[in-house]
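Only one structure is covered here, and it is reproduced in the block below.
What follows draws every value from the coordinates through simple rules; no lab data is involved. Please read these numbers as outputs of a predicted model, since none were measured by experiment. Cβ: placed from backbone, ideal geometry, glycine included. Neighbour counts: every protein chain shown.
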Amino acid sequence: MDTVVNRLIRYAKVFSESDYYGQSGTPSNPAEFDMANLLVEELHGLGIDNAFVDETCYVYATIPATAGCEHLPAIGLIAHMDTTPDLTGKDVKPQIIHYEGGDIVLNQEKNIVMEAARFPELAKFVGQDLVCTDGTTLLGADDKAGVAIILQAVEELLAEKAPHGKICLGFTPDEEIGRGASNFDVQGFGADFAYTLDGGDITDFEYETFNAAMAHVTVNGFSIHPGTAKDKMKNALLMAMEFNALLPALETPGRTDGYEGFFHLQEMSGKVEQATMVYIIRDHSMERFQERKAAMAKAAAEMNRRYGENSVVCDMEDQYYNMYEVLKDRMEIVRLAEEAMKAAGIPNPTHSPIRGGTDGCMLTYKGLLCPNLPSAGHNAHGRFEYAPVESLKTGVRTVKSLLSPELVERVVMKKED
Ligand SMILES: [Zn+2]
């Protein structure tokens, strides 16, 4: 029998970083196939012969229901195989550190220290073993901890010959660059509903995300020699600033949290003749989300009133929606997650609104309802990433509980409390 920690360490050492500037489609980086092929091999080793990777680097596998459990809903488990391009995931050298409190020296030679003052949540893990990096790379617990938890739970269930309904496994490439759900075969996957394991602290799960749109704003000015520009020049750069000033100044990522939405100017470039800006618009409330898009359109209309038709062209495109809009009518799926966490030894699971999206929100709107379970990783996307061993084990117990026929029958099949 393998262990979840060995699995995480083994997967962390496989380079599978996604690449913003790589191949179009999936995988963005051909190296992601290394991770996919390893998983297929390991799934075959567990006796799951139907495991395969498709040409777009998605790994799928199904485990049929055990005898007498065919009536249970088919539950999907999903994690992503890529790691973020924000920090290198090459030559990852994981180490297990027994945490006694205080600062953690990750790398003596390079003097890389994880300071307790900077990461106060470390205090929760005094006396525990932590899987850490050597300070020079990320760990990739996001989301290889999710992958490890799923594989370990499946191995244990099969070894224990535990009863369960149909289980559908899906491992995706390119989540970190926003393509994780793009080629996901919801139909072929065959689950009635699913869970991504791509969260953080093992006590917290998620089923509320932002509603999201992107706006490409083009400002059309008129360039002429500054010496003879009077009453003629329209400076697109100044107009771009004027447009931005029509948006609420305090509703930006740096001034909001919790359920507060924002406008985020993330790119701006131009010359006198033309300028372009890229905004993202985010809000948990669908009503306020629509109001934000209307406010942006109104700002463009006001600029056109001031400077003439087509001075500002604002193209907005919705990116994803809050999965809660769909899940609110199927709360038994959320409750199953919560009950499974309790059964795994977490007395009071919490849920916080995600200030972002997940693969799960795309999948939810493709028809596969998909809350997000914790995967035990902390400080994602950086060199201070770590995963507590106890939390990883709790994650395995959570998944096993989630698949327990008794719990599924009680929570999902009888919808009323
Ligand atoms: Zn992730």
Legend entry - Wholly within region 77-191, strands (runs of 3 or more DSSP E) carrying at least 1 residues that are under 22 Å from residue 58 (Cβ atoms): 167-172
Legend entry - Enumeration of residues in region 336-379 that are within 15 Å of the ligand (Cβ to nearest atom) and either farther than 22 Å from residue 280 by Cα or β-branched (Val, Ile, Thr) (or both): 354, 358, 370, 371, 372, 373, 374, 375, 376, 377, 378, 379
Inset, instruction - Check 261, 254, 200 and return the single one that is surrounded by fewer than 18 Cβ atoms within 10 Å (Cβ to Cβ) and closer than 16 Å to residue 356 by Cα. - result: 254
Legend entry - Residue tally, condition within 12 Å of the ligand (Cβ to nearest atom), surrounded by fewer than 24 Cβ atoms within 10 Å (Cβ to Cβ) and of a type in the set (Ser, Thr, Tyr), over region 75-94: 1
Legend entry - Per-region count, region 205-238, residues of a type outside the set (Ser, Thr, Tyr) and within 36 Å of the chain's Cα centre (by Cα): 13
Legend entry - Verdict on residue 326 being more than 16 Å from the ligand (Cβ to nearest atom), assigned to a helix (DSSP H, G or I) and more than 26 Å from residue 124 (Cα to Cα): yes
Inset, instruction - Take region 40-62 and flag every residue that is touching a helix residue (DSSP H, G or I) at 6+ places or on another chain (Cβ under 7 Å) and not acidic (Asp, Glu). - result: 46, 47, 51, 52, 53, 57, 59, 60, 61
Legend entry - Residue list for region 175-220, filter: more than 22 Å from residue 379 (Cβ to Cβ) and within 14 Å of the ligand (Cβ to nearest atom): 179, 181, 195
Legend entry - Single residue of region 1-16 satisfying the filter (of a type in the set (Lys, Arg) and not in a loop (DSSP other than H, G, I, E, B)) that is nearest to residue 149 (Cα to Cα): 7
